[in-house]
Amino acid sequence: MSQTILVTGGAGYIGSHAVLELLSADYEVVILDNFCNSSKESLDRVKTLTGKEFTFYETDLRDRQGLATIFKNHSIDSVIHFAGLKAVGESNEKPIEYYENNVVGSLVLFDEMEKAGVRKIVFSSSATVYGEPEKNPISETAKLGHTNPYGRTKYMIEFILKDIQKAKNWDIVILRYFNPVGAHASGDIGESPNDVPNNLLPFVTQAAIGVRDHVTIFGDDYDTIDGTGVRDYIHVVDLVLGHIKSLEKLDKDKGLFIYNLGTGSGVSVKEMIDAIREVSKKDIKVVVGPRRAGDVGEVVADSTLAEKELGWTAQYNLKDMAESSWRWQEKNPKGYA
Ligand code: NAD
Ligand code: UFG
């Protein structure tokens, strides 16, 4: 019999891709989202793309009654917990909202899971928990740090999960994502920022399609191949397949596991802009500006542990990421709006 997975934040960028892959792999899916950074449209499109049904609850993570109802109505095997606020800059302006939404929301979820006897979870963490890395590539045993309230919420939730695992014997996979980009091959679901994008890739594709006049490179004086910031970009489909491997891991092994999900290869800002120029055949105007506060030069994952223990490696390359991002942008110039 197929397993039932509760996906929190399932209408969001990564969540919608995860729901699509879970349905394709014949999992039963129950989704919770409050649409604070997404819309129903992503889920409608997932339904059309897969031709499969799922159950959706428009519920906030902090709504105890709402969560209790979901656990009462469904026999949930595992939870994949994506729901959260994720903008680094905004978290500096709105720390209370970030701690309340991400930390309190996660605590309510964990409490209701424990009450319902659901003790398996895959949690979306981030490379941000490494703060300023001492060396690259970064392995899971590297020193942790945190430079902003968003990063601290991920750091705190990781420790909360470790304590719950010890006390209550939960089975947990914490996934530290590097830089998720790209879109489903159809170009029908993708990243749809509500506002001016904070992240590089949506900004560059918006500049290519003419929504933005130019891209500002945040500093070209880093100690990297061309002076611009280097990141480990990972295709969102590879990333979500790492979650399915994690569910499989929890079927076999008990305890708490932490994995980086990245490709192990660094790509500079200039290289990423060139990749989008190539696939879009558009001239993208670039202006070099100062460094962005809080940025570091290079962040690249050592993902060998995920390869060894999950049997997972990233399959998509930079061209695939650029092509799928551009396809999504071209088909949806205004996102889901
Ligand atoms: P997203 O904003 O597209 O998706 C998050 C979803 O959660 C949205 O649909 C939003 O409406 C929902 N949500 C937020 N707070 C909620 C609440 N209190 N109750 C119910 N629903 C709520 O973001 P994403 O890029 O898909 O990220 C998913 C997860 O991955 C987040 O936890 C994020 O921190 C983490 N992550 C993302 C990145 C990235 O670059 N995209 C990198 C590292 C980690
Ligand atoms: N950049 C620009 N111009 C832009 C936007 C970004 O030059 O308009 C540069 C940045 O300086 C950086 C690179 O592009 O060198 C990537 O920046 P992003 O904002 O896309 O991504 P970050 O690596 O800064 O942060 C992302 C997520 C965080 C997460 C972190 C680590 O936004 O939530 O990856 O996983 F914590």
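The values are calculated or read from the model by the stated rules, or taken from the named source; none is laboratory data. Just so you know, these numbers come straight off a predicted model, no measurement behind them. Neighbour counts are summed over all protein chains in view; Cβ atoms, including those assigned to glycine, are modelled from backbone coordinates with ideal geometry. We work out accessible area using only protein heavy atoms, side chains counted, and drop any ligands, DNA or RNA first. Shrake-Rupley method; radii C 1.70, N 1.55, O 1.52, S 1.80 Å.
Here are a few things to note about the model shown:
- Under 19 Å from K270, Cα to Cα: aspartates and glutamates that are on another chain or at least 8 residues apart: D213, D220, D221, D223, D226, D232, E278, D283, D295, E298, D320, E323
- For segment 199-211, the Karplus equation 6.51 cos²θ - 1.76 cosθ + 1.60, evaluated at θ = phi - 60°, returns couplings of 8, 4, 4, x, 5, 5, 5, 5, 5, 5, 8, x, 6 Hz by residue, with Gly and Pro reported as x.
- Cα extents for segment 36-129 along the principal axes, largest to smallest and rounded to whole angstrom: 40, 34, 25.
- GluC sites (Glu not before Pro) within segment 1-54: DSSP coil, no more than 16 neighbouring Cβ in 10 Å: E53
- Percent of Cα pairs in segment 94-170 per distance bin of 10 Å, from zero to the largest separation: 18, 45, 30, 8, 0.
- With DNA, RNA and ligands ignored, accessible area of L67 (1.4 Å probe; Å², nearest 10): 0
- In segment 252-337, Cα pairs under 8 Å separated by at least six residues give a relative contact order of 43 percent.
- Cα shape, segment 13-80, gyration tensor, a/c 1.5 rule: oblate
- Whole-number Å³ per residue for the convex hull built on Cα positions in the chain: 122
- When each of the peptides 122-133, 96-107 is scored by the mean number of other C-beta atoms lying within 10 Å of its residues, the order from highest to lowest reads 122-133, 96-107.
- Residue-averaged 222 nm ellipticity for the chain, from DSSP H runs of 4+ at -39500 (n - 2.57), nearest 500: -12000 deg cm²/dmol
- Under 18 Å from K249, Cα to Cα: lysines that are on another chain or at least 8 residues apart: K120, K162, K308
- Residue among R292, R119, R277 with the largest mean-square fluctuation in a Gaussian network model of the chain, springs linking Cα atoms under 10 Å: R292
- Short-range pairs are left out: with C-alpha atoms under 8 Å and at least six residues apart, the relative contact order of the chain is 19 percent.
- When only Cα pairs below 8 angstrom with a gap of at least 6 residues are kept, segment 174-260 shows a relative contact order of 44 percent.
- Computed with a 1.4 Å probe on the full set of protein chains, the accessible area for I14 sits at about 30 Å².
- Cross-link pairs beyond the 27 Å C-alpha cut-off, checked among K40/K254; K52/K319; K40/K281; K115/K154; K94/K166: K40/K254; K52/K319; K40/K281; K94/K166
- The length gained on full extension between T4 and A337, counted as 0.36 nm times the residue separation minus their Cα-Cα distance, comes to 116.8 nm.
- Segment 180-337: translational diffusion in µm²/s, Stokes-Einstein, Kirkwood Rh over Cα pairs, 25 °C, 0.890 mPa s: 147
- Cα-based radius of gyration for segment 87-230, normalised by 2.2 N^0.38 Å, reads 1.24.
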